[in-house]
Amino acid sequence: MSLISLIMVASLFFVGIYMLFENSIISYLIGLALCSHAANIIWLSAGTQQDPFPRVFILTAIVIALGITAYILIKSKGIKEYFHDDL
C-alpha cells in the first residue's frame, strides 16, 4: 500500500469514526459509509490484477453497506416521529 492510499484510508477511518459518535442519524450514516469505503480501499490495495477475490469481496461489501444504510433509513423514519433525528 502506498503512502497516499495509507493516508487516505486513515483519514477516512478517522472522520468516519468521528461521525459515528455524532447524535444525528445522517451523521451516523455518513460515518458508516466512510468506514465502509476505507475498508473497501484496503481490500482493493491488497489484491493484484489477476486475483478476482478482492473485487468480489468489495462488491459484496458495497451491497451489504447499501442494505444496512437502507435498513437504518427505513427504521429511522419511524423513530424520527418520536425522537426528532436523535439516536
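The table below lists the values:
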{"read-out": "Global geometry of region 3-83, whether rounded, prolate or oblate, following the gyration tensor of its Cα atoms and the 1.5 cut on a/c", "value": "oblate"}
{"read-out": "Least to most buried among Val15, Val56 (fewest other Cβ within 10 Å first)", "value": "Val56, Val15"}
{"read-out": "Qualifying chymotrypsin sites (Phe, Trp or Tyr not before Pro) in region 1-58, DSSP loop, other Cβ atoms within 10 Å at most 13", "value": "Phe21"}
{"read-out": "Projected label distance in nm at Ser24 and Gln49, using a 7 Å step from Cα toward the beta-carbon", "value": "4.3 nm"}
{"read-out": "Order of Ile64, Ile30 - criterion: other Cβ atoms within 10 Å of each residue's Cβ, fewest first", "value": "Ile64, Ile30"}
{"read-out": "Rounded tilt (10° steps) of 25-46 against the dominant C-alpha axis of the chain", "value": "10 degrees"}
{"read-out": "Mean separation of Cα contacts under 8 Å, 6 or more apart, over the residue count of the chain: relative contact order %", "value": "27 percent"}
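Every read-out reported here was derived from the displayed coordinates using simple, explicitly stated rules and does not represent laboratory data. Keep in mind that this is a model prediction, so the values were computed, not measured. Note that we place each Cβ from the backbone using ideal geometry, even for glycine, and neighbour counts take in every protein chain shown.
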